[in-house]
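Everything on this sheet refers to the single structure shown next.
The values are calculated or read from the model by the stated rules, or taken from the named source; none is laboratory data. Quick caveat, the model's predicted, so the values are computed rather than measured. Virtual Cβ from ideal backbone geometry, glycine too; neighbours counted across all protein chains shown.
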Amino acid sequence: MIQVLIIEDDPMVAKFNGIYLESIPGFSVAGFAKNVAEARKFLVLSKVDLILLDVYMKGPTGLDLLKELRKEGDSLDVILITAANDKESVQQALRYGAVDYLIKPFTFERFQNALLQFKKQFHLMNQHENISQDEIDHLLHTADRKTSNTLELPKGLTKTTFTRIAERIIERQGTIFSTAELAEDVGVSSVSTRKYLHYLVDRELIDSDIVYQSTGRPLTNYQLLPEKVDILQSLLNK
């Protein structure tokens with residue numbers, strides 16, 4: 001189990017990040033910290049494999065912590081989850097070895113992709129003494145495969161259902177819709193429809209947005225932007 005420390009000063013965001021994290025197999029929340037000082041104490045006492053790190057906090061920032069860790073020779077893996085979208089913050093995070101950078105508000109699918117990609121890297125680095133070129137290429141060039149203009153459906157998804165769902169999404173281009181709305185329109189269960197939507201988000205063909213509610217789990221809405229219509233349409237002919 002990959003142990004994760006969530007460093008986030010907003011209790012609501014920290015809570016939902018923890019819920020998201022533990023919905024992904026292989027990950028467990030080791031603990032929470034709302035500032036750098038608390039994080040430092042936790043790291044001394046507990047085993048942590050990965051940090052989900054916010055930038056803006058009272059006192060030292062998340063980037064300050066990342067820099068300190070690297071100066072001390074600590075190679076602990078870090079994923080930034082932050083509203084900081086300025087070029088300097090992104091460059092500093094990458095320069096100091098962040099394995100990914102998520103800008104708030106992010107989608108669950110983007111969050112899940114970041115964690116699953118890290119999981120591949122984590123197991124590769126911890127299970128093998130020597131790593132082949134093929135394994136490195138598979139790890140580093142995932143994004144290239146995702147954006148290729150080919151239809152490679154995961155196991156359990158069928159082209160027939162994909163076509164029906166894609167056609168309805170194209171009809172809805174530019175409008176926001178939910179899983180339930182699309183499922184009712186297509187005549188497929190919400191569970192099945194969600195799998196196809198996750199595939200399309202993973203391929204970056206549709207956008208998704210998380211809506212936080214005062215009670216209950218957050219909702220996810222989807223949208224097909226006009227510039228992606230032709231790409232999605234082309235997949236129907238594959």
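Only one residue in LEU50, LEU124, LEU102 is within 27 Å of TYR199 (Cα to Cα) and in contact (Cβ under 8 Å) with a residue 40 or more places away in the chain, so which one is that?
None of the other options fit; the residue is LEU50.
I'm checking my understanding of the structure. Among residues of segment 164-220 that are in contact (Cβ under 8 Å) with a residue 24 or more places away in the chain, touching a strand residue (DSSP E or B) at 6+ places or on another chain (Cβ under 9 Å) and in a loop (DSSP other than H, G, I, E, B), which one is nearest to LEU153 (Cα to Cα)?
For segment 164-220, the residue satisfying everything is ILE206.
What are the residues in segment 1-60 that are in contact with a Ser or Thr (Cβ under 8 Å, 6 or more places away or on another chain) and assigned to a strand (DSSP E or B), if any?
ILE2, GLN3, VAL4, LEU5, ALA30, GLY31, LEU53
Does ILE210 qualify as being aliphatic (A, V, I, L, M), outside the structural domain of PHE111 (by TED's automatic domain parsing) and crowded, with 16+ Cβ neighbours inside 10 Å?
For ILE210, the condition - aliphatic (A, V, I, L, M), outside the structural domain of PHE111 (by TED's automatic domain parsing) and crowded, with 16+ Cβ neighbours inside 10 Å - is met.
So is ARG194 among the charged types (D, E, K, R) and either touching a Ser or Thr at 6+ places or on another chain (Cβ under 8 Å) or modelled with pLDDT of 85 or more (or both) or not?
Against the criterion (among the charged types (D, E, K, R) and either touching a Ser or Thr at 6+ places or on another chain (Cβ under 8 Å) or modelled with pLDDT of 85 or more (or both)), ARG194 qualifies.
Hey, GLN92 hits all of (1) at pLDDT below 90; (2) crowded, with 16+ Cβ neighbours inside 10 Å but one; which does it fall short on?
(1)
Taking into account only those residues within segment 40-73 that are surrounded by fewer than 11 Cβ atoms within 10 Å (Cβ to Cβ) and under 24 Å from LEU124 (Cβ atoms), which is farthest from the chain's Cα centre (by Cα)?
Taking the candidates together, the pick is GLY73.
Within the group LYS155, LYS228, which residue is within 24 Å of the chain's Cα centre (by Cα), outside any loop (DSSP other than H, G, I, E, B) and charged (D, E, K, R)? Spell out the reasoning first.
Values: LYS155 fails: outside any loop (DSSP other than H, G, I, E, B).
Answer to the check: LYS228.
Out of (1) modelled with pLDDT of 95 or more; (2) closer than 22 Å to PHE111 by Cα, the odd one out for LYS87 is which?
Every listed condition holds for LYS87 apart from (1).
In this structure, is VAL29 in contact with a Leu (Cβ under 7 Å, 6 or more places away or on another chain) and either surrounded by fewer than 20 Cβ atoms within 10 Å (Cβ to Cβ) or at pLDDT below 95 (or both)?
Considered against the rule, which asks whether it is in contact with a Leu (Cβ under 7 Å, 6 or more places away or on another chain) and either surrounded by fewer than 20 Cβ atoms within 10 Å (Cβ to Cβ) or at pLDDT below 95 (or both), VAL29 comes out as yes.
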